[in-house]
Amino acid sequence: MTTTEIVTDPRPHYRAALDWAAGLLAGVRPEQLRDATPCPEFDVEGLLRHLVATVNKIRMIGEGGSPFTMPFQVPPAPDYPASFAEAQARMWTVWSDDALLDREVTVQWGSAPGRGALWGYVNETLVHGWDLAVATGQDAEADPDLAEAMLAVARQMIPAEGRGGDFPFAPVVEPTPDAGPTERLANWSGRRR
């Protein structure tokens with residue numbers, strides 16, 4: 001993917017990533033909530049709470065607000081799939097505006113056009129979806145074309161060098177020979193099984 005392709009409309013990619021993640025949330029069993037995930041920051045329930053929060057953050061970003069005003073995780077909820085669906089419905093009312101794709105917005109890493117912010121959240125959703133799938137024994141591969149598209153963007157937007165410290169990505173992990181595109185994307189973000 002070239003830099004020109006990064007400027008494409010990421011909303012269909014984000015919708016597909018969210019749909020995949022929604023299926024994973026629905027597949028979590030109550031006894032798995034305290035299980036560890038490949039993301040060292042979260043157990044399964046923490047990851048569910050964070051995934052809902054990311055949708056709220058991108059909504060806030062689209063509304064012109066600061067993502068720093070939104071919590072890193074939502075409070076514990078009795079029904080995470082329903083919370084995720086509700087957050088998406090609210091978010092899409094904001095991001096249906098085509099003009100927002102080129103508007104400069106505030107993101108955690110500074111400022112970016114809206115489409116750049118959305119690509120960041122496609123990555124967030126796919127990588128954390130992979131974390132959730134691995135932790136709960138679900139299929140950890142999203143649509144291959146979606147994951148390949150995001151991996152191409154991630155390689156341009158998230159440098160392999162200078163990771164650690166304040167940079168929120170661990171060093172790139174060398175993929176195994178049989179790794180699918182979603183796992184390779186997770187590896188680019190520093191995740192391993």
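The values are calculated or read from the model by the stated rules, or taken from the named source; none is laboratory data. Just so you know, these numbers come straight off a predicted model, no measurement behind them. Cβ: placed from backbone, ideal geometry, glycine included. Neighbour counts: every protein chain shown. Keep in mind that these areas ignore ligands, DNA and RNA; they rest on the heavy atoms of the full protein, side chains included. Shrake-Rupley method; radii C 1.70, N 1.55, O 1.52, S 1.80 Å.
Amide H neighbours of VAL105 under 5 Å, counting only residues 5+ apart in sequence or on other chains, H built in-plane at 1.01 Å?
ALA112, GLY114
How do GLU124, GLU161 stack up against each other in accessible area, from largest to smallest, with a 1.4 angstrom probe?
My answer, sorted largest first, is GLU161, GLU124.
Quick one: with all protein chains in place, what share of the accessible area of the chain is carbon or sulfur, to the nearest percent (1.4 Å probe)? Don't skip to the end; give the middle numbers.
Values: 4870 of 8970 Å².
C and S atoms contribute 54 percent here.
With the cut-off at 20 Å, report for region 5-99 the share of all Cα pairs above it, as a whole percent.
Numbers: 1752 of 4465 pairs.
Of all Cα-Cα pairs in region 5-99, 39 percent lie more than 20 Å apart.
How large is ³J(HN,Hα) for each residue in region 19-33, as worked out from phi by the Karplus curve 6.51 cos²θ - 1.76 cosθ + 1.60 (θ = phi - 60°), to whole Hz, x for Gly and Pro?
Once rounded to whole Hz, the list reads 4, 4, 5, 4, x, 5, 4, 5, x, 7, 8, x, 6, 8, 4.
What ³J(HN,Hα) values, in whole Hz, does the Karplus curve 6.51 cos²θ - 1.76 cosθ + 1.60 give for region 155-163 when θ = phi - 60°, with x put for Gly and Pro?
For region 155-163, the Karplus-derived couplings read 5, 8, 8, 10, x, 6, 8, x, 7 Hz, x marking Gly and Pro.
Under the Karplus relation 6.51 cos²θ - 1.76 cosθ + 1.60, θ = phi - 60°, what is the ordered set of whole-Hz ³J(HN,Hα) values for region 91-101, x standing for Gly and Pro?
5, 5, 5, 7, 7, 6, 6, 4, 4, 5, 4
Could you sort 171-181, 48-58 so that the peptide with the highest average Cβ count within 10 Å comes first and the rest follow in order?
The densest-packed peptide leads the list: 48-58, 171-181.
For the chain, what is the Kirkwood estimate of the hydrodynamic radius, computed as the reciprocal of the mean inverse distance between distinct Cα atoms, to one decimal in Å? Walk me through the intermediate numbers first.
Values: mean 1/r = 0.0598 Å⁻¹.
Result for the chain stands at 16.7 Å.
Quick one: length gained pulling SER111 to ALA89 fully straight, 0.36 nm per residue minus the C-alpha distance?
5.5 nm
Run the dipole for the chain about the Cα centre, Lys and Arg Cβ at +1, Asp and Glu Cβ at -1, nothing else charged, and hand back the magnitude in debye, nearest 20.
320
For ARG15 and ASP139, FRET efficiency with R0 = 25 Å and r from the beta-carbon atoms, rounded to 0.05? Spell out each step's value before the answer.
Details: r = 19 Å, r/R0 = 0.76.
Efficiency, from the Cβ-Cβ distance: 0.85.
Taking the Cα centre of each part, how many Å lie between region 9-36 and region 136-193?
16
Sort 102-115, 143-156, 68-81, 34-47 by the packing proxy (mean of other Cβ within 10 Å over each peptide's residues), most packed first. Show your work: numbers first, answer last.
Details: 102-115: 15.4, 143-156: 18.9, 68-81: 13.5, 34-47: 17.4.
For the peptides 102-115, 143-156, 68-81, 34-47, the packing ranking is 143-156, 34-47, 102-115, 68-81.
Less than 14 Å from a label point 7 Å out along the Cα-to-Cβ axis of GLU63: which backbone N atoms in region 70-91 qualify, by residue?
Counting only backbone N, you get 70-71, 87-91.
Express the accessible area of region 1-158 per residue in Å², computed with a 1.4 Å probe while the remaining protein chains stay in the model.
So region 1-158 comes to 43 Å² accessible per residue, rounded to a whole number.
Out of ASN123, ALA112, ALA152, whose Cα points farthest toward the positive end of the dipole of region 110-166 (charges: +1 Lys, Arg; -1 Asp, Glu; placed on Cβ)?
Checked the options; the winner is ALA112.
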